[in-house]
Amino acid sequence: MGVWGHERWSLDLQWRREWFHGEMHQFQSHLSMELGSKKASQSNSSRSSSDRWAFHVFLSFRGEDTRKTFADHLYVALQQKGIKTFRDDEEIAKGEVISFQLPKAIEESLSYVVILSPNYASSTWCLNELQQILESRKKLGREVFPIFYGVDPSHVRHQKGSFEKAMTNHEERFGKDNEKIKGWRAALKEIATISGWVDTQYP
């Protein structure tokens, strides 16, 4: 890479960082307002099992895409704002059964941030999480905040690009008409219709 190319890369990286901090400030403010409104609304009503939260936010993400970058930065930023956030590597004690702890954490979270990255749909864990998150949205009125990280929302909704490849691989494994596959496709379509943040600057 020549000197000019290096300078352009450095400027582009600086611009991305500035963009990230600006977007995260806006997101945190919006999330704080939503959480405050939800708490105030439910504090005036009788408490039920759906009111017992352990976390303000459940963070759903594909580790290989974002664990050491975007998801980590977001997690730290939310924690610093006093927003108690669940992420699997932080909150699941060593030796605990993940298949039990993740659904429990979803149920005990007040809201959900779903980071839809290029390899999100390749994980059956992520797809199962997404289904339960959307069920909680329907049944319990929980808030869902999607972040489209390096992906086009239309690709998520219609399963194009990397999402098409992932779902094709799942079909080969489970069968095209498998109910699990139908559920995952429906969940991806639904999450893509929810208003969220689009970050195409981070491949």
| said: A71 - would you say it is closer than 20 Å to V156 by Cα, of a type in the set (A, V, I, L, M) and at pLDDT below 90? | reply: yes
| request: List every residue pair whose Cβ atoms lie under 9 Å apart, where the two residues are 6 or more positions apart in sequence or sit on different chains, the first residue falls within segment 155-181 and is on the phi > 0 side of the Ramachandran plot, and the second residue, located anywhere, is assigned to a helix (DSSP H, G or I) and among the charged types (D, E, K, R). | output: Q159/R185; Q159/K189
| task | Report whether or not A121 is of a type in the set (G, A, S), crowded, with 18+ Cβ neighbours inside 10 Å and over 18 Å from F58 (Cβ atoms). | result | yes
| remark: By residue number, the members of segment 106-156 that are outside any loop (DSSP other than H, G, I, E, B) and of a type in the set (S, T, N, Q) are S109, S111, S122, T124, N128, Q131, Q132, S136, S154
| task | Would you check if there is a residue in segment 126-133 being modelled with pLDDT of 95 or more and more than 13 Å from the chain's Cα centre (by Cα)? | result | no
| request: Return the only residue of R157, R47, R52 being of a type outside the set (S, T, N, Q) and modelled with pLDDT of 90 or more. | output: R157
| Test for K189: is it without any contact (Cβ under 8 Å) to a residue 12 or more places away in the chain and either in a helix (DSSP H, G or I) or within 26 Å of T69 (Cα to Cα) (or both) | no
| Selection status of K104, over 28 Å from G161 (Cα atoms), surrounded by fewer than 20 Cβ atoms within 10 Å (Cβ to Cβ) and either modelled with pLDDT of 90 or more or touching a Lys or Arg at 6+ places or on another chain (Cβ under 8 Å) (or both) | no
| Which residues, counting only those in segment 144-203, are among the aliphatic types (A, V, I, L, M) and surrounded by fewer than 14 Cβ atoms within 10 Å (Cβ to Cβ)? | A186
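The values are calculated or read from the model by the stated rules, or taken from the named source; none is laboratory data. Please read these numbers as outputs of a predicted model, since none were measured by experiment. Reconstructed Cβ throughout: ideal geometry from the backbone, glycine too, with neighbour counts over all protein chains shown.
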